[in-house]
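Below: one structure, written as structure tokens.
Every number here is computed from the coordinates shown, using simple stated rules; none is lab data. The structure displayed is predicted, hence computed values, not measured ones. Every residue, glycine as well, gets a Cβ built from its backbone with ideal geometry; the counts of neighbours run over all protein chains shown.
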Amino acid sequence: MGSGAGLALAIWFHAGYPEVSTGAAEIENPRRTIPLVLLITTPLVILSYILPTLAGLAAVGGWREWTSGQFAIIGEALGGKLLGGWLFMASVASFVAIFMAYLLWWSRLAWAFAADSFLPAYLVHLHPRHGTPHRILILYAALYALLAAFPFQELLIVDVWVFGAYDLLLVLSVLRARARVPERGSGFIIPGGLVGAWANALVVAAIWGAVLLSTVHQQPRAALAGLLALLLGFLLYGLWKAVGRRSS
């Protein structure tokens, strides 16, 4: 794995924070709970990735030969098949938790798009008993099943290309809101005034730019797929606008 894919993996490990607010309706006192939970969990997330990696490097080294499922391989080398099996199950549990969190965030976000007529109205319907956007969840299940046929590293790079642009648009929208709307006395506001908002935007832009440049050089096929995915978004938006004008 090159530095581009490695940086993309590091970003993916810490992705999902912008979507936390989409589940606010299912969180008790979200205005207080969400910042508090992020303050507690963010250092734990960082340590949960750094400490096992350092332990693996200290125990077996050879990081250039590391591959998918490496911690299970390290566990088997240190403690036999039993430890290797437990580490494999731990990695599965970790990714299941990440996957479930993404399902929560993105299903609600897609539901909001459907409610605002950016997606088919068929997807707005909620489950009569659980109140969940079950039709979107079924659609996601089908899409994820199709994506499972592609190599993880290439999907990872495409993901960071697309959602890096998405994250950059989010922070740019904050800058636009700061310029157009005066600061309010209630609700959460990014601290630091306009300087704080610009700092957030520049950090996101710099990291995303580094990923684009490194993946274009090291993984050109995956980078091309990421570019096509970005262009597909513009195409779909243009089609949506054309259909909207025709229907009106």
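Some points to look at:
- A run of the chain free of exposed loop cleavage sites, with trypsin sites (Lys or Arg not before Pro) counted only in DSSP states other than H, G, I, E and B and at most 15 other beta carbons within 10 Å, reaches its longest extent at 1-128.
- Residue among 164, 233, 131 with the largest mean-square fluctuation in a Gaussian network model of the chain, springs linking Cα atoms under 10 Å: 131
- Of 70, 219, 153, the residue with the greatest mean-square motion in the GNM of the chain, using alpha carbon springs below 10 Å, is 70.
- 10 Å Cβ shell holding at most 12 others, DSSP loop, GluC sites (Glu not before Pro): longest site-free stretch of the chain: 29-182
- Dipole moment magnitude, nearest 20 debye, the chain about Cα centre, only Lys, Arg, Asp, Glu C-beta charged: 720
- Here the stretch 151-239 is assigned +1 on the Cβ of each Lys and Arg and -1 on the Cβ of each Asp and Glu. Its dipole about the Cα centre then comes out at about 300 debye.
- Distance (nanometres) between label positions extended 7 Å along Cα→Cβ at residue 143 and residue 25: 1.9
- Ordered by the number of other Cβ atoms lying within 10 Å of each residue's own Cβ, fewest first, 243, 171 fall into the sequence 243, 171.
- Ranking 213, 139, 15 by Cα position along the charge dipole of the chain, where only Lys, Arg, Asp and Glu carry charges on their C-beta atoms, puts 139 farthest toward the positive end.
- Multiplying the residue separation of residue 101 and residue 198 by 0.36 nm and removing their Cα-Cα distance gives an extension gain of 32.1 nm.
- Nearest-ten-degree value, helix 152-180 long axis tilted from longest Cα axis of the chain: 40
- Calculated FRET efficiency for the pair residue 150/residue 217, C-beta based, R₀ 22 Å, to 0.05: 0.55
- When the Gaussian network model of the chain links Cα atoms closer than 10 Å, the mean-square fluctuations of 74, 40, 98 top out at 40.
- Using alpha-carbon coordinates, inclination of helix 30-59 to the longest axis of the chain, degrees: 30
- Label-point gap, in nm, between residue 48 and residue 86 - each point 7 angstrom along Cα→Cβ: 1.8
- Considering helices alone, the calculated mean residue ellipticity of the chain at 222 nm is -26500 deg cm²/dmol, with DSSP H runs of length four and up weighted by -39500 (n - 2.57) and normalised per residue.
- Estimated at 0.36 nm per residue, the fully extended path between residue 77 and residue 180 surpasses their Cα-Cα distance by 31.2 nm.
- Between 0 and 90°, nearest 10: helix 193-218 axis offset from the chain longest Cα axis: 50
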